[in-house]
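Right, one structure below, let's go through it.
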Amino acid sequence: ANGYYHSRWVKCIWSSHDLSDAVLIDNVIFNKDVYIQFNSTVGEYVGYTEHGVYNAQLWNNNPGQLQGERAELERVCKPNAEIDQSTITDKS
């Protein structure tokens with residue numbers, strides 16, 4: 001709206017069959033620039049702009065939000081990765 005672009009991209013990344021290296025990355029984007037990111041390896045939000053740093057501090061001080069974000073790795077990434085892995089191995 002009005003020439004502004006806002007989106008949120010969540011990515012699950014893994015490279016081994018046991019999924020011990022699986023990582024969740026949740027990017028909040030404004031005008032094609034990531035201004036705040038959650039990385040499950042870091043375990044908290046990181047801001048990349050003044051507004052992002054402000055929000056990261058707020059969100060990191062909200063135990064419910066932080067716990068919910070951390071749980072997404074187990075809730076979303078790992079089950080879907082297992083499905084993808086089995087689909088790949090079943091076809092080879």
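Each reported figure results from applying straightforward, stated rules to the coordinates on display, with no laboratory input. All of these numbers come straight from a predicted model, not from anything done at the bench. All Cβ positions, glycine included, derive from the backbone under ideal geometry; neighbour counts span all protein chains shown.
Annotation: THR87 fulfils all but one of (1) hydroxyl-bearing (Ser, Thr, Tyr); (2) farther than 30 Å from ASN2 by Cβ; (3) under 10 Å from the mean Cα position of the chain (by Cα); the unmet one is (3).
Of the residues making up segment 5-30, those that are closer than 18 Å to GLU72 by Cα and of a type in the set (A, V, I, L, M) are VAL10, ILE13, LEU19, ALA22, VAL23, LEU24, ILE25, VAL28. Selection of segment 53-89 for residues being under 16 Å from VAL28 (Cα atoms) and hydroxyl-bearing (Ser, Thr, Tyr) yields only TYR54. Annotation note: of TYR54, TYR45, the sole residue that is among the hydroxyl-bearing types (Ser, Thr, Tyr) and more than 18 Å from the chain's Cα centre (by Cα) is TYR54. Within segment 23-81, the set of residues being of a type in the set (Asp, Glu) and touching a Leu at 6+ places or on another chain (Cβ under 7 Å) comprises GLU44, GLU72.
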